[in-house]
Amino acid sequence: MTSRSVVEQATDELRRAILAGVLAPGAEYSLRELAGMLDISFIPIREALRSLESEGLVIMRPGRSAVVTPLDLDDLHGIYRLRRALEPEIARRSCGLLADEELDRLAAQAADFGARDHGMGDIYDDHHAFHLALLAPAATAWDIRVLTTLWQAAERYIRIGFGQLDPDPAEHQRRGKAHVDLVAAFRTRDPDTVAAAVEQHLARNEKIASSALS
């Protein structure tokens, strides 16, 4: 195994632990402690933490430790302010480019989000791919790069907010319907309708995440 692949695997594992809350927001960990968790040397851990710091997930401390970035309402609102500036505009252009077959596929996937046995942790990766597929036809490589960064930054907030709602079966049904309705808006091929649907979707997600933090 190359040293680079060790760094990449360490980055992925630490990112997953942070997003899932296993490494708690605001908690400080030494490099040696994290290296012990993953059973590797602290050198690739240090490189992994530098990558995660660039994603806003950790704060490096002088010496050999790092703090998991605390959750913060101002950060949450800043993330969604940027998302509202980007996603509706890309969606306006994408709605006229998506094939009917792709919309059929996404509608079926959206309905599956409403399954009672699927919590937010179970569907998050598919949820990410779903939203990317809606925007991809009109998104540049830079659009995708920036959106992925914003989605990763929002993931901890979304997992907490929607995770608290998972025990309610009605929430699962609403979650599925919300995404089915989003695909239906794209089917209209009307840019204004699509932009309004995306903005509404983002506004509700931000409200749920904000309420969970409060």
Query - Output for segment 102-131, where each listed residue is surrounded by 15 or more Cβ atoms within 10 Å (Cβ to Cβ), among the aliphatic types (A, V, I, L, M) and either at pLDDT 80 or above or in contact with a Ser or Thr (Cβ under 9 Å, 6 or more places away or on another chain) (or both) - result: 103, 106, 107, 110
Query raised in the report: Within the set of pairs 6 or more residues apart or between chains, which connect a residue that is closer than 19 Å to residue 73 by Cα inside segment 189-210 to a residue that is surrounded by fewer than 15 Cβ atoms within 10 Å (Cβ to Cβ) and among the aliphatic types (A, V, I, L, M) with Cβ atoms less than 7 Å apart?
Result: 210/73
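Scan 96, 63, 56 and give me the residue that is under 22 Å from the mean Cα position of the chain (by Cα) and among the small types (Gly, Ala, Ser). I'd like the intermediate steps shown before the answer.
On the way: 96 fails: under 22 Å from the mean Cα position of the chain (by Cα); 63 fails: under 22 Å from the mean Cα position of the chain (by Cα).
Unique residue meeting the criteria: 56.
Results for (1) under 18 Å from residue 86 (Cα atoms); (2) in a helix (DSSP H, G or I); (3) more than 18 Å from the chain's Cα centre (by Cα); (4) not aliphatic (A, V, I, L, M), shown as yes or no for each residue.
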residue: 117; (1), (2), (3), (4): no, no, yes, yes
residue: 151; (1), (2), (3), (4): yes, yes, no, yes
residue: 156; (1), (2), (3), (4): no, yes, no, yes
residue: 192; (1), (2), (3), (4): yes, yes, yes, yes
**Report entry** Selection from segment 9-36 of residues that are part of a helix (DSSP H, G or I) and surrounded by 15 or more Cβ atoms within 10 Å (Cβ to Cβ)
**Finding:** 9, 10, 11, 13, 14, 15, 17, 18, 19, 31, 34, 35
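Quick grid of which residues meet (1) over 23 Å from residue 195 (Cα atoms); (2) assigned by TED's automatic domain parsing to the domain that holds residue 207; (3) not in a helix (DSSP H, G or I):
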site	(1), (2), (3)
63	yes, no, yes
85	no, yes, no
96	no, yes, yes
104	no, yes, no
131	no, yes, no
134	no, yes, no
Report summary line: residue 110 meets each of (1) in contact (Cβ under 8 Å) with a residue 24 or more places away in the chain; (2) farther than 16 Å from residue 178 by Cα with one exception, condition (2)
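The values are calculated or read from the model by the stated rules, or taken from the named source; none is laboratory data. The structure presented is a predicted model; accordingly, all values stated were derived computationally and were not measured. FYI the Cβ positions are ideal-geometry reconstructions off the backbone, even for glycines, and counts take in every protein chain you see.
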